Structure formats: C-alpha cells, structure tokens
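Undergrad: Please find one structure pasted underneath; my questions will follow.
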Amino acid sequence: MKKVIFILALALTGSMTFAQDTPLEISGSADVYYKYDFAKGQNIQTSFASDQNSVSLGMIDIALKKTTGKTSFVGEVSFGPRGQYQSIPNGDAVDTNNSFHIQNLYATYAATDKLSFTAGYMGTFIGYEVISPVANFHYSTSYLFTNGPFQNAGVKANYAFSDKVGLMVGAFNNTWNFYSADPMKGLNAIGAQLSLTPTEGVSAYLNFMDGSESGTIVDLTATFQLSDKFSLGLNAADWSSAADSDLGYTGVALYPAVAITENFGLGLRAEYFKAKELDDMIGLSADNSVTAFTLSANLKAGGLTVIPEFRLDSAKENNFLKSDMTTATKSASQASIALVYGF
C-alpha cells in the first residue's frame, strides 16, 4: 500500500513470523530538488520542497534494523531540512539549526507467529504518504499528509487473524509528533488499525486514533492493483480537534498510476481538502476548501529516481498569492524536479 521502506512496513503490518538472528540491515535515502512556483514565492504550503527557484536539500535518511530470535530493533535518523525541522524537530518547530531528527526508534517482540508487541517512537500508521521521499510516488505532499500526524510514541499490539485480516491496538502519547508525553496526561490516546487483504492486489487499512489532546481522526487508505501496469490508491480522512468539532479537516485523495515501462511511470494525485469552520489548516484558511492536482513521472535508473512534477491547486476562496506576493488569488501552480536515491 504505501510502498514504505522496511522500517514503516514493520510498523504497519499485523503479522510477524519468528526470525533467526540476522545481520545488521542498513537502508535509507538521499534527495535534492529544484522547484519553481509561478507566483515567484513559497505559495503552496504543504510539507517539504519549500524553497523557491533554488537547488535545495531534502534529507539524508539512515535506517538500521537488527533481529535476534523473537526480538527486533529499528532505529532511523535523518539529516537535512526535510528530515529535521520540517518533519517535527528534536527541539522547537522554528529552530532550523537542530542537528538531526529521530524518525523511528522502537523494539518489537514476537510472542507468537501471530502476535507481536512494539514499543517506542514510530512513524504513524495513519495516512497514505510518508516522510521518506523514496516511499512516495510524488515528491510534493498532500494536504492530508501535511496536516496529519507524522509520528506516534507509545505501545501497541499486532495480531494476525489470518493472512487476510490483521488488527493493531495501542496506547500512545497524548499528542502527535512528540518524543515525550505531558506527565499529567501520559498515554491517553488510543489507536487502532484494521488491515484487510481480501484478494491479491487489494489491500485496505482502516485507522483510528482518539485522545484528549490529539483529538479524533478516522482514516482509510487502500491500494488496488487493477492490472500489471495500472494501480489506484485511496486516502480519506476526517480529523476533529479535542477542543471543538468545528476545528479540524476532512479530505480525500486518489492516486492513479501507470507503469509505462519497467523504469518509467506516470502518476496523478487528485485531492480534495476542506478546513472546518473555525480552524486554519497548514496551507488552507478556515472554512475554505482546495482541490489539488499533481502530475508526476518516475524515471528510474538503479537506485536513483528522477521525479519531474507539475502541481495546480485551486481553492474555493482566496488562499494563495499572485506574483506580486501581495494580491490574493484562488489558485497556485508550481513545477519541480527531484532526484531521490534509495539504498
């Protein structure tokens, strides 16, 4: 479904088999990009690729995994703007000088071939897109991704009822994206994921999280492999703040993609996203909605993927700026090209 690298795949799956001792596994990615916004400024405010008319850094990401008997450990650190302050820092969100960011740090114990327990700081189980660019078809990200959780710290249990049905339940820190909880609230957010693989080429994940600080989010992701060359992804979500049900967002995104050849593919992200009545979202004003179309190509050569991309966002009401960067307008567009290397 999310085409995630092994660290996130382990966190999301509902089953885990007993494993022998394995050598230390190392994987990761590195990326750079060039983006030109036709308003000549940072106009589309979704995550990452924020620099205008510049060859800029994404991140270097390094992940380690070690399995010994029934236990496994995963650690992942990232360096660079995308992997540091843009994806929740180890310090203040406006501190651009922090040295690194821990994306994942957790351990898993496989009690049986169906039941496993995991504790630590984990890439979130919610949503379709992820932080690592090697795991996404598109280089820019959706409004759903930008406004949703990036990581969750806590404990969880995964149980595989069969090879088609799995369930995860867990208790998590009171807010998203923090290494530590409010000491007065602790692990007061509950989360669950029902995973379904009814037939070959079809997978779906129904996700839920609720907490007194984090609010309530219901999220669905699914992937349909419709043929050898054509696939369709889906993400739909609704989040309501714990303070007021009129604070939050709702949205849906479709991800059709076609593999033209083994090393060349085209994909579209078509997203509708709405900010609820009383709440500004990242990239969208309160009680406003936006329809965003992103067309990307993936050209692969070994571990390198070149991603040229064009994006057009159109809001119901003024949400963006014209090229003078002062006059409001309803639409924005940008073009970019990214180099992403996975290892």
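No value in this document is a laboratory result; all are computed from the given coordinates. Please read these numbers as outputs of a predicted model, since none were measured by experiment. Every residue, glycine as well, gets a Cβ built from its backbone with ideal geometry; the counts of neighbours run over all protein chains shown.
Undergrad: Residue 25: net charge of surrounding residues, Cβ under 11 Å, Lys/Arg +1, Asp/Glu -1, itself excluded?
TA: Charge balance near residue 25 sits at +2.
Undergrad: Across segment 36-52, in residue order, what do the Karplus-derived ³J(HN,Hα) couplings come to in whole Hz, using 6.51 cos²θ - 1.76 cosθ + 1.60 with θ = phi - 60° and x for Gly and Pro?
TA: Running phi through 6.51 cos²θ - 1.76 cosθ + 1.60 with θ = phi - 60° gives 10, 8, 6, 8, 6, x, 7, 10, 8, 9, 6, 5, 6, 6, 8, 6, 9 Hz.
Undergrad: Can you bin segment 46-175 into rounded, prolate or oblate? Criterion: square roots of the alpha carbon gyration tensor eigenvalues sorted a ≥ b ≥ c, rounded for a/c under 1.5, prolate for a/b above b/c, oblate for the rest.
TA: prolate
Undergrad: Which loop GluC sites (Glu not before Pro) in segment 274-336, with loop taken from DSSP, have no more than 13 other Cβ atoms within 10 angstrom of their Cβ?
TA: Filter output for segment 274-336: 277, 317.
Undergrad: Then there is this: In whole percent, what relative contact order does segment 6-342 give with Cα contacts below 8 Å and a gap of six or more residues?
TA: Reported relative contact order: 14 percent.
Undergrad: Give the Rg (one decimal place) followed by the Dmax (whole number) of segment 115-244, computed from C-alpha coordinates and expressed in Å.
TA: 15.4, 52
Undergrad: Quick one: which residues, 5 or more positions from residue 151 or on another chain, have an amide H under 5 Å from its amide H? H modelled 1.01 Å from N in the peptide plane, none for Pro or chain starts.
TA: For residue 151, whose amide H was placed from the backbone, the distant partners under 5 Å are 124, 177.
Undergrad: Let me ask something else. May I have the extent of the alpha carbons of segment 114-178 along their three principal axes, as whole Å values ordered from largest to smallest?
TA: 36, 30, 17
Undergrad: Using 7 Å Cα-to-Cβ label points, what is the residue 318/residue 291 separation (nm, one decimal)?
TA: 2.2
Undergrad: Distance cut-off 30 Å, Cα to Cα: go down the list 35/330; 156/300; 35/274; 35/66; 66/114 and report the pairs above it.
TA: Over 30 Å apart, Cα to Cα: 156/300; 35/66.
Undergrad: So for the pair residue 326, residue 162, with labels modelled 7 Å out along Cα→Cβ, what separation do we get in nm?
TA: In this crude label model, residue 326 to residue 162 measures out at 6.6 nm.
Undergrad: If you line up the Cα atoms of segment 224-343 on their principal axes, what length do they span on each, largest first, in Å?
TA: Largest to smallest, the principal-axis extents are 47, 37, 25 Å.
Undergrad: What is the percent of Cα-Cα separations in segment 6-342 that go past 31 Å?
TA: The proportion of pairs with Cα distances above 31 Å equals 32 percent.
Undergrad: Please work out how much length the chain gains when fully extended from residue 21 to residue 54, using 0.36 nm per residue of separation minus the C-alpha to C-alpha distance, in nm with one decimal.
TA: Net length gain for the segment: 7.3 nm.
Undergrad: Grab the Cα-Cα distance for residue 115 and residue 208, subtract it from 0.36 nm times how many residues apart they are, and report the gain in nm with one decimal.
TA: Here the answer is 31.5 nm.
Undergrad: Using just the helices of the chain, give the 222 nm mean residue ellipticity in deg cm²/dmol: DSSP H runs with n ≥ 4 each add -39,500 (n - 2.57), and the total is spread over all residues, rounded to 500.
TA: Only helices count here, giving -1000 deg cm²/dmol.
Undergrad: What distance in nm lies between label points placed 7 Å from Cα along the C-beta direction at residue 66 and residue 299?
TA: Inter-label distance under the simple model: 4.1 nm.
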